[in-house]
Amino acid sequence: MMQSSPFNLRRAIIWIGRLVLAGIFIYAGYAKLTMGMHPRPPVGVALSFFALQVDSYQILPSWGVKFVANTLPFVEIGLGLLLLIGWRFRIWATIVTLIMLGFFAAVVRSYALGMQINCGCFATPEPLTIKTVFRDGALVALALLMTIFAFIEARKPHPWSGPEKA
């Protein structure tokens, strides 16, 4: 007898979170490397442009801006692919959630300070507005739910496994 249904709300949110966040992370990383232009500019030019967007938040020192600008696009693409693959999912979901919380904190801080800057989320000139704050907040909520539900589901027996032998 099956202990639980293979389909429930928690598993649906995990799958929706995986697909949505993986797609967003892959797209955001790729957009930062191409600046949304065709033909694609050299990677160094794209990363320099992204460094300007990171620096506009006025949070990191110059070495931190350079580090984030040179690594974040590749990390986003890698994490997006790992979310899709699902290998060691709880680890990557936790890291994605922490990164999303960091993005959200930076956006909320900048919006609260009234900074007139570009978001830098998808490497296009997108002004930082209340819409950006709500969008990032919704993505943080999705990431949190996905991660929490992944840990809850990992504690339960797989629904398609056979009954335990006594």
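So which trypsin sites (Lys or Arg not before Pro) in the range 86-157 pass both tests, a DSSP loop state and at most 16 other Cβ atoms within 10 Å of the Cβ?
Arg88, Arg155
Could you compute how fast the range 73-142 diffuses translationally, taking Rh as the Kirkwood radius over C-alpha pairs and applying Stokes-Einstein at 37 °C with viscosity 0.692 mPa s? Give it in µm² per second. Don't skip to the answer; put the middle values down first.
Numbers: Rh = 13.0 Å.
Taking Rh from Cα pairs, D becomes 252 µm²/s.
Relative contact order for the range 1-121: what percent, with Cα pairs under 8 Å and sequence separation of 6 or more?
About 31 percent, as a whole number.
Decide, for the range 12-113, between rounded, prolate and oblate: order the square roots of the alpha carbon gyration tensor eigenvalues as a ≥ b ≥ c, take rounded if a/c falls under 1.5, and otherwise choose prolate if a/b is larger than b/c, else oblate. Please list the in-between numbers first.
Working: a/c = 2.06, a/b = 1.33, b/c = 1.55.
Cα axes put the range 12-113 in the oblate bin.
For the range 22-126, with every protein chain kept in place, what is the accessible area per residue (1.4 Å probe, Å²)?
Accessible surface, normalised per residue, equals 54 Å².
Identify the chymotrypsin sites (Phe, Trp or Tyr not before Pro) of the range 44-151 meeting these criteria: DSSP loop state and at most 11 other C-beta atoms within 10 Å of the C-beta.
In loop regions of the range 44-151 (DSSP not H, G, I, E or B), the sparsely surrounded chymotrypsin sites (Phe, Trp or Tyr not before Pro) are Trp87.
Just to check I understand the Karplus step: with θ = phi - 60° and J = 6.51 cos²θ - 1.76 cosθ + 1.60, what whole-Hz values come out for the range 22-28, glycine and proline as x?
Taking θ as phi minus 60°, the curve returns 5, x, 5, 5, 5, 5, 5 Hz for the range 22-28.
Per 10 Å bin, what is the whole-percent P(r) computed from every C-alpha pair distance within the range 15-55?
The calculated distribution, bin by bin, is 29, 42, 23, 5.
How far is helix 130-154 tilted, in degrees, relative to the longest principal axis of the Cα atoms in the chain, given as a value from 0 to 90 rounded to the nearest 10?
Roughly 30 degrees, rounded to the nearest 10.
Out of the total accessible area of the range 1-144 (probe 1.4 Å, heavy atoms of protein only), what percent is carbon and sulfur?
It is 73 percent, rounded to a whole number.
The values are calculated or read from the model by the stated rules, or taken from the named source; none is laboratory data. As the structure is a prediction and not an experimental result, all values here were calculated from the model. Every residue, glycine among them, receives a Cβ derived from its backbone with ideal geometry; neighbour counts consider all protein chains shown. Accessible surface areas use protein heavy atoms only, side chains included; no ligands, DNA or RNA. Shrake-Rupley method; radii C 1.70, N 1.55, O 1.52, S 1.80 Å.
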